[in-house]
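Nothing in this text is a laboratory measurement; each read-out follows from the coordinates by a stated rule. Every value quoted in this text rests on a predicted model; they were computed, and no experiment measured them. Don't worry about glycine lacking a Cβ; one is built from the backbone with ideal geometry, like all the others, and counts go over all protein chains shown.
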Amino acid sequence: MMRKRSLRARMVAVVVGGALSGAFCGVLSGPMARAQAGMTAAAAPMSVQAVEAADAGRLGEKFTALAGAMAGKYDWRPMEGVRSVSDVFNLMLRENGMLTRVLTGGPMMGGAKMEPVSDPAKMQDALRSSYAALQKTISGMTDGQMQETVKMFGREMTKQTALLMLLSDQHEHLGQSIAYARTNHVVPPWSVKH
């Protein structure tokens with residue numbers, strides 16, 4: 001139920017944001033409109049692909065930064081039976097590979113069975129490249145492709161739904177990773193005060 005609300009909330013934000021952006025642009029006239037003339041691309045409503053590609057980019061930056069900041073703590077887990085720091089990062093690699101395959105219909109990045117990455121430098125590289133590949137895939141999709149039906153987790157859904165579902169899940173794991181970091185007295189790099 002919570003995940004459905006999250007997906008719905010994100011889609012409403014995209015639609016409402018685009019509608020408001022379009023409405024705002026329509027109200028401009030005179031000198032203000034002329035001043036904004038060079039900003040047409042910024043004022044146009046963003047596509048779902050642009051929004052989700054940007055989201056994947058932000059997730060990639062944050063997971064990559066945490067992978068570096070948590071070096072030396074990859075085996076830490078809050079309790080037995082719960083994913084370790086390394087397990088969460090490797091899950092993101094697998095999800096990105098699966099999502100890229102689902103969206104393109106091609107082979108899974110890294111093969112069907114990926115070997116877990118345990119070296120912090122290699123993990124950062126792997127996360128960076130997996131998110132870059134995912135962003136490129138999302139950005140290259142047409143609206144028609146986003147509405148194509150695929151099977152994921154034994155259920156039929158559109159590619160857009162699959163994308164929203166997995167990126168929403170990754171936000172949950174980002175929160176998990178932040179909690180892991182703070183429990184280990186590691187401040188997420190993007191929130192360090194300068």
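Things worth noting here:
- Estimated vicinal HN-Hα couplings, Hz - region 118-131 in sequence order (Karplus 6.51, -1.76, 1.60; Gly, Pro = x): 10, 7, x, 5, 5, 5, 4, 4, 5, 5, 4, 6, 5, 6
- Under 16 Å from Lys151, Cα to Cα: aspartates and glutamates that are on another chain or at least 8 residues apart: Glu95
- Partners of Lys193 within straight-line reach, counting lysines whose Cα lies under 28 Å from its Cα and excluding those fewer than 8 residues away in the same chain: Lys62, Lys73, Lys122.
- The spacing between region 49-82 and region 123-194, judged by their C-alpha centroids, is 9 Å.
- Spin-label zone in region 167-192 - amide nitrogen under 15 Å from a point set 7 Å from the Cα of Val82 along the C-beta vector: 173-185
- Among 80-91, 158-169, the order from most to least packed when residues are scored by Cβ within 10 Å on average: 158-169, 80-91
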